[in-house]
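Trainee: Handing you this structure, nothing more for now.
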Amino acid sequence: MHRLLFFFLLLLSTQLLTAQSVSPQPSQPVDIGLYNNEVAAKSRQIDSLFQQGNFAEALTVLEQTRLFIEQAQQQADTNYCSVLIGMARCNYRLRNIEQAIDYTRQALEVEKKYRGDKTADYALWLDNLGHYHASLKQNAEAYECARQALSVYEQQLTNDIHMGIILMHLAEACYALERHADAVKYQVRALAIYKKERGEHSDEYIQEVRYLAMYYRALGNMKKAEENEQRADQLEKEAREKGDVDYGEAFATAEKCRRYNEDILNICKSFLILDFEDEDIDVVNRILVTWSINSADVNIGIGRFAVALIDGKDEPNVYFVAYLAACIQDQLVNGKRDNSKKLSLPAVKALVEFYDKAKSQYGGRQILDVFLSALRNNKLEETINTFNDDATPANP
């Protein structure tokens, strides 16, 4: 689960063109309505390709979008930076690290030109840049990016999870440069944030405690190293015994749930492109169920379609978890809580596409075979309508 959730926290959102972008100010006559519609359409296309794991095609559409924005002379639009960052992330996923670095640098230059070098985005993209350098073992460059990112993000006066990630990266860079005392210092700060944001029984927190033990060991403080290893072991044991109670604490209210909307969306997207291990399925199920119960932003319909995905076993069924992920993704992306008691075409389509890729590994389901056949014959919406009268809201 650490890999699944943390990777997307690290790279931030895969929603490449943001819904909160600054409206462009035309430098020449341009139909802003048509411009915004075209960018929004490209955004949906790119997001869909990301969900499919088709990063090469997403990169092609991103390049088309970049050229469109440039031709409209709207580089001041925040979407332009988002496109460049999206191109960087695609290249990173395709292991074209040097190109990822180049596009991130371009985005930083544009952000600095139009909005300055003190914004939260500027800091987070600097941190991304450092991560790309680190993946090439360019440790000095990774350290400098993380150091600058921390300096900028500290000015935001917020100790959120992004601050924790920056500190964690800075600790890693210090360790790579054998600056072990600094690695310990930054990792301790990161852990304080992870404990507040994720809980001390979360996979992320426990993993970072083990890294702190490693940094203490490199520093020569074997007593502290052993203490932290033992603490990680104890927390891991407690997490198993308590059933990850920290998720319930983190998602206790609608307000708290909303703080994690971006992370939840990224987990859903990752799951739907089969970017998970078998042992992640149970954790993802508990996260999505616990979060959705108190979230005011989603309402998951549970009717005979959803029930048919449950095979009666104690462990969560991968297709039911995918159903939850598809419904949550649809409602968060559209920004509309579904109270219609009807299955959503985008959600079912995402689930069926997941099934098409997962069937060989996890086995078939008769009901999903029906929907897969309908999708292939362009009758998916018609088939969905036969189930829509029997979906009951899970959290009214």
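Trainee: Greater than 22 Å separation of Cα atoms is the criterion. Which listed pairs, Lys195/Lys237; Lys137/Lys195; Lys359/Lys379, meet it? Working shown, then result.
Mentor: Working: Lys195/Lys237 17 Å; Lys137/Lys195 29 Å; Lys359/Lys379 20 Å.
Cα-Cα > 22 Å for Lys137/Lys195; rest within.
Trainee: Something else: Suppose the chain between Asn377 and Glu226 were pulled fully straight at 0.36 nm per residue; how much longer would it get relative to their current alpha carbon spacing?
Mentor: On the way: separation 151, 0.36 × 151 = 54.36 nm, distance 6.04 nm.
Using 0.36 nm per residue and subtracting the Cα-Cα distance, I get 48.3 nm.
Trainee: Among 147-160, 72-85, how do they line up by average Cβ neighbours within 10 Å per residue, starting with the highest? Walk me through the intermediate numbers first.
Mentor: Numbers: 147-160: 16.2, 72-85: 22.8.
Taking the mean over residues of other Cβ atoms within 10 Å, the ranking is 72-85, 147-160.
Trainee: Name the long-range amide H neighbours of Ile302: under 5 Å, sequence gap of 5 or more, or other chain; modelled H, no Pro or chain starts.
Mentor: Result for Ile302 returns Thr392, Ala394.
Trainee: Over the range 36-96, what is the mean sequence separation of C-alpha contacts under 8 Å (at least six apart), divided by residue count, expressed as relative contact order in percent? Intermediate values should be presented prior to the final figure.
Mentor: Values: 38 pairs, mean separation 20.9, N = 61.
The value is 34 percent.
Trainee: Still on this structure: What does the charge dipole of the range 106-238 about its Cα centre add up to, to the nearest 20 debye, if the Cβ of each Lys and Arg holds +1 and the Cβ of each Asp and Glu holds -1?
Mentor: Values: 18 positive and 23 negative charges, 64 e Å.
Dipole magnitude for the range 106-238 comes out near 300 debye.
Trainee: Counting Lys and Arg as +1 and Asp and Glu as -1, what is the net charge of the other residues whose Cβ lies under 15 Å from the Cβ of Glu70? If you can, show how the numbers build up before the last one.
Mentor: Details: positive: Lys42, Arg66, Lys113; negative: Glu38, Glu63, Asp77, Glu109.
Local charge sum for Glu70: -1.
Trainee: I've got another one for you. Taking the range 271-332, which trypsin sites (Lys or Arg not before Pro) meet the DSSP loop condition and have no more than 11 other C-beta atoms within 10 Å?
Mentor: Values: sites: Arg286, Arg304, Lys313; in loops: Lys313.
Qualifying residues, ordered by number: Lys313.
Trainee: Continuing with this model, one more query. How large is the direction-averaged shadow of the alpha-carbon convex hull of the range 66-213, in nm²? Can you show the working numbers first?
Mentor: On the way: hull surface 36.2 nm².
Here the figure is 9.0 nm², rounded to one decimal.
Trainee: Could you give the accessible area per residue of the range 177-309, probe 1.4 Å, as a whole number in Å²? It would help to have the intermediate numbers written out before the result.
Mentor: Values: 5980 Å² over 133 residues.
Ligands and nucleic acids excluded, the result is 45 Å² per residue.
The values are calculated or read from the model by the stated rules, or taken from the named source; none is laboratory data. In this text, all values refer to a predicted model and were calculated from it rather than measured experimentally. So basically every Cβ, Gly included, is an ideal-geometry build from the backbone, and we count neighbours across all protein chains shown. Protein only, heavy atoms only, side chains kept; ligands, DNA and RNA dropped before computing areas. Shrake-Rupley method; radii C 1.70, N 1.55, O 1.52, S 1.80 Å.
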